[in-house]
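**Student:** Mind having a look at this structure? Questions to follow.
The values are calculated or read from the model by the stated rules, or taken from the named source; none is laboratory data. This is a predicted model, so every value here is computed, not measured. Quick reminder, even Gly has a Cβ in these numbers, built from the backbone with ideal geometry, and neighbours come from all protein chains shown. Areas reflect the complete protein model, heavy atoms only, side chains present, ligands, DNA and RNA absent. Shrake-Rupley method; radii C 1.70, N 1.55, O 1.52, S 1.80 Å.
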Amino acid sequence: MKKIQNTIILLFLVQISFGQNQKIINNQAIQFRLKQKNDTIDFILVDTKTDVKKPIFLFCQGSLPMPLFVKPEKEEMWMIGGGITNFDLIEIKKNYHLIVISMPKTPVIANEKNLNKSYCYIPNQNEPDEFDKEYMKSDYLENYEKRASEVLKFLRKKKWVDNSKLVVAGHSQGSKVATVIALNSKNVTHLGLFGANPFGRIDQRIRDYRKNAESKQITWQEADQKIDSTYQMLRDSYNADTLKKEPYLLAWKSFSRPLLNDWLKIKVPTYLAYGTNDISSDLCDIVPLFYIQNSKTNLTYKRYLNLEHNFFEVNEDGEADYEKEHWNEVMSSFVKWTLK
């Protein structure tokens with residue numbers, strides 16, 4: 001009798017533990033929490049049920065410590081979700097379980113008063129440009145890959161996950177995270193890269209200064225100084241003592257790793273989409289040359305004309321027209337490609 005009682009108690013504790021591991025947010029998503037030794041990894045499944053077995057579609061969001069949900073003081077809670085609200089979620093969910101991992105050291109749900117104008121989480125409302133120091137210490141490529149690997153390992157054990165297929169996609173900084181996941185995981189079957197920079201991150205600054213000088217927005221002397229200053233910033237990011245004082249440099253160091261060589265090592269079908277008015281992705285135009293030279297045929301690329309980094313149209317002044325966005329069609333084309 002005592003043995004039966006102990007078994008019942010054990011099952012009850014397991015049920016409690018599982019219940020605490022997930023919760024439904026805003027009737028839009030299920031939040032999961034994985035507690036690690038030095039980190040807590042939060043992620044959401046963009047659904048409220050797990051009654052259908054489907055493959056995973058992991059979307060790696062871009063940079064900045066944005067929460068997944070915003071809680072205004074008076075209005076209803078709404079979802080940022082790393083940018084997925086720009087997509088046709090119904091279309092994605094027909095075939096996949098859509099997963100988004102929360103940014104490190106960033107709350108899943110944040111009060112709007114704790115966000116700056118860019119919806120980044122800030123610990124001190126009086127310092128809107130100061131991010132949490134723990135976030136800055138965690139904001140590096142290898143950490144994002146590690147966190148994603150833990151999430152994917154957790155999901156592979158779930159009965160509602162079809163492990164025959166795994167789609168990993170990312171935008172901007174997220175394309176870098178998606179790249180290293182695909183590079184180091186044997187389970188990824190499709191890779192999507194959006195607004196990616198094949199040579200990392202910091203080179204964008206140098207190209208931007210050159211363009212500004214060529215268009216006479218700044219002088220070549222100013223461009224020369226700014227380029228040299230960029231070189232010094234990268235040197236500082238490799239200095240351990242400087243990193244302790246300026247932890248934000250850690251991101252510049254890790255995310256400035258060139259991705260092109262990694263892409264050429266990846267064997268799974270790879271989809272590259274970018275806007276022609278996106279300086280981050282300027283060099284994507286030459287990526288197919290490297291695939292041709294290396295006899296690789298696993299690249300599909302889509303160049304979107306007159307669109308910027310977030311796939312908004314650009315007006316005559318070169319500014320984004322936020323009334324004319326194309327994320328939906330960009331992502332829908334990718335989803336259809338994964339189903340071929």
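**Student:** What is the Å³ per residue value for the convex hull set by the Cα atoms of segment 80-233?
**Tutor:** Working: hull volume 25.8 nm³, N = 154.
Output value, Cα hull per residue: 167 Å³.
**Student:** Next question, about the same structure. If you take the C-alpha gyration tensor of the chain, multiply each eigenvalue by 5 and take the square root, what semi-axes do you get, largest first, in whole Å?
**Tutor:** Ellipsoid half-lengths, sorted descending, are 36, 25, 21 Å.
**Student:** Further question: Any chance you could run the full-extension gain for N212 through E319? It's 0.36 nm times the residue separation minus the Cα-Cα distance, nm to one decimal.
**Tutor:** Contour length minus Cα-Cα distance gives 37.0 nm.
**Student:** Same structure again: Strictly over 21 Å apart at the Cα level, which of K226/K302; K267/K302; K74/K105 would you flag in this model?
**Tutor:** Long pairs (Cα-Cα over 21 Å): K226/K302; K74/K105.
**Student:** Treating cross-link reach as a plain straight distance, find the aspartates and glutamates whose alpha-carbon is under 17 Å from the alpha-carbon of K133, omitting any fewer than eight places away in the same chain.
**Tutor:** Cross-link targets: D39, D241, E246.
**Student:** At 0.36 nm per residue, minus the direct Cα-Cα distance, what do K37 and N126 gain on full extension? Give it in nm, one decimal, please.
**Tutor:** Fully extending the segment from K37 to N126 adds 28.8 nm.
**Student:** Which far-off residues, 5 or more places away or on another chain, put their amide H under 5 Å from the one on M66, with H placed in the peptide plane?
**Tutor:** Y121
**Student:** Okay, moving on. Over segment 30-99, what is the relative contact order in percent, taking alpha-carbon pairs closer than 8 angstrom and at least six residues apart?
**Tutor:** Answer for segment 30-99 is 35 percent.
**Student:** Apply 1/(1 + (r/R0)^6) to the Cβ-Cβ distance of D51 and K265, taking R0 = 45 Å, and write down the FRET efficiency to the nearest 0.05.
**Tutor:** That gives a FRET efficiency of 0.75.
**Student:** Any chance you could run the full-extension gain for K153 through Y248? It's 0.36 nm times the residue separation minus the Cα-Cα distance, nm to one decimal.
**Tutor:** My answer for the length gained is 31.3 nm.
**Student:** Please determine, in degrees from 0 to 90 and to the nearest 10, the orientation of helix 327-338 with respect to the longest principal axis defined by the Cα atoms of the chain, where the helix direction is its Cα long axis.
**Tutor:** In the chain, helix 327-338 runs at an angle near 70 degrees to the longest axis.
**Student:** First compute the accessible area of the chain with a 1.4 Å probe, then give the percent of it belonging to carbon and sulfur atoms.
**Tutor:** C and S fraction of accessible area: 48 percent.
**Student:** Can you pull the accessible area of K302 for me, 1.4 Å probe, Å² to the nearest 10?
**Tutor:** K302 exposes around 90 Å² with every protein chain in place.
**Student:** For segment 233-327, count all C-alpha to C-alpha pairs, find those more than 24 Å apart, and express that count as a whole percent of the total.
**Tutor:** Roughly 45 percent, rounded to a whole number.
**Student:** Hey, how many Å between the Cα centroid of segment 104-160 and the Cα centroid of segment 28-62?
**Tutor:** About 14 Å separates the Cα centre of segment 104-160 from the one of segment 28-62.
**Student:** Sticking with this one: How many nm separate the modelled label positions at D224 and N27, each set 7 Å beyond the Cα in the direction of the Cβ?
**Tutor:** Going by the 7 Å Cα→Cβ label model, 6.4 nm.
**Student:** Just to verify a number: FRET efficiency for W78 and N116, C-beta to C-beta distance, R0 = 22 Å, to 0.05?
**Tutor:** About 0.85, to the nearest 0.05.
**Student:** I've got another one for you. Between their Cα atoms, which of K93/K157; K23/K336; K186/K244; K296/K340; K211/K245; K153/K244 are more than 24 Å away from each other?
**Tutor:** Beyond 24 Å between Cα atoms: K23/K336; K186/K244; K211/K245; K153/K244.
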